[in-house]
Amino acid sequence: MMGRSSQDQGQLFYTFNLEEVVPDDHLVRAISRVLDLAWVRAELAPHYSHTGRPSIDPVLMIRMLIIGYVFAIRSERALCREVRLNLAYRWFCGLGIEDKIPDHSAFSRARNERFRDSDIFRRVFEHVVGACITAGLVGREGFAVDASLIQADANKHRSIPGTEWNKDIDPEQARRAVKEYLATLDDPAYGAASDVTPKFVSPSDPAAQWTGALRNAAFFAYADNYLIDVKFGIIMDVEASRAIRQAEVGAAKTMIERTEERFGLKPERLAADTAYGSAANLNWLVNDKKIAPHIPVIDKSKREDGTFSRQQFSYDAATDTYMSARPRRLWRRAAPS
């Protein structure tokens, strides 16, 4: 006999066990078995008042953010919606079937208000990296570094030519983004990365870099730089910078030195793309840090600045000298002592 489902959803009482509906092989169970967030509340306690209404549990917020990262949920609005609907996500976050989900604005308020002027995110991040090291998930031999472009919230149509931008701004009268820009003028990842005048500047977010790095329509962006251990893909450090090569190289140096300082770890080799293949950076890696670079060298053999290109030189083995296109000896190898 053909069955027919009941359309009545007006039942008053339900017997429901959330533990039973999450499959044993679901990824959230594997994460939950190794995730220890018992230290979070003590770490964050100084940033909360001892009076007033109870806040949203910070452990719940972190668990929700982990769900968003692992399952590629890119906005906090979507994250709150998915946790509300998905029973496995509710189980991982410690929420019952009827528990209320935090509003998406709680995440931005925490970042921009409660924790804005502290290094709490850095401390939480390094605690997680330390746990990965303890668990044997960091190989310590090979690291890789790269940068991803993050589009800035800056409108091209409201930008001005870089030559018209004036840095002499009163910080007391400036907006928050401009104040942050003024505070980073001497930072090697921002203002000090390059003295080249950008083509366009956004007055509302002057630290954002006008870039055409994706080889399509240019836009304002930042660079999110990652230092990754290649054994299991563990992110060892993160550093934001301007979206230009010099700033990304400076951020890589900062991350390598900070990882060595915080964890006593320095890789034997570093993998990166050509953007990190300048002579100065390779010299720093080989001679200063004793790290073997697996990095393509930036090819400057063909010159367009009026100087000789590489093909305009020839080597004379008989005299052990290099000759330029003009008949002139340029260099001789020193005789062995």
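The values are calculated or read from the model by the stated rules, or taken from the named source; none is laboratory data. Predicted model, so just to flag it, every value in this text is computed and none were measured. Neighbour counts run over all protein chains shown; Cβ positions are idealised from the backbone, glycine included. Quick note on the areas: whole protein, heavy atoms, side chains included, nothing else; ligands and nucleic acids left out. Shrake-Rupley method; radii C 1.70, N 1.55, O 1.52, S 1.80 Å.
Determine, yes or no, whether residue 79 is open to solvent by 60 Å² or more (accessible area, probe 1.4 Å), under 18 Å from residue 95 (Cα atoms), among the hydrophobic types (A, V, I, L, M, F, W, C) and at pLDDT 90 or above. No, not satisfied.
The residue that is modelled with the highest pLDDT, counting only those in segment 109-128 that are of a type outside the set (Asp, Glu) and assigned to a loop (DSSP other than H, G, I, E, B), is 115.
Selection within segment 169-187: residues that are open to solvent by 80 Å² or more (accessible area, probe 1.4 Å) and not charged (D, E, K, R). The member of this set that is farthest from residue 224 (Cα to Cα) is 173. Pairs meeting the criteria (first residue in segment 39-58 and closer than 15 Å to residue 123 by Cα and in a helix (DSSP H, G or I), second residue modelled with pLDDT of 85 or more and open to solvent by 50 Å² or more (accessible area, probe 1.4 Å), beta carbons under 8 Å, at least 6 apart or on different chains) are 43/123; 43/127; 58/41.
Taking the numbered list (1) free of Cβ contacts under 8 Å to residues at least 40 places away in the same chain; (2) within 18 Å of the chain's Cα centre (by Cα); (3) surrounded by 15 or more Cβ atoms within 10 Å (Cβ to Cβ) in turn, residue 129 passes all entries but (1). Being more than 22 Å from residue 156 (Cβ to Cβ), open to solvent by less than 30 Å² (accessible area, probe 1.4 Å) and not in a loop (DSSP other than H, G, I, E, B) is a property that does not hold for residue 254. Of all the residues in segment 223-239, those that are closer than 21 Å to residue 194 by Cα and either without any contact (Cβ under 8 Å) to a residue 24 or more places away in the chain or open to solvent by 50 Å² or more (accessible area, probe 1.4 Å) (or both) number 1. If we scan segment 138-160, do we find a residue that is part of a helix (DSSP H, G or I), open to solvent by less than 30 Å² (accessible area, probe 1.4 Å) and not aromatic (Phe, Trp, Tyr)? No, the conditions are met nowhere in segment 138-160. Candidates are the residues of segment 266-278 that are open to solvent by less than 10 Å² (accessible area, probe 1.4 Å) and touching a Phe, Trp or Tyr at 6+ places or on another chain (Cβ under 9 Å); the one that is nearest to residue 292 (Cα to Cα) is 270.
Has segment 287-299 got at least one residue that is without any contact (Cβ under 8 Å) to a residue 24 or more places away in the chain, under 25 Å from residue 132 (Cβ atoms), among the basic types (Lys, Arg) and open to solvent by less than 70 Å² (accessible area, probe 1.4 Å)? No, that holds for no residue.
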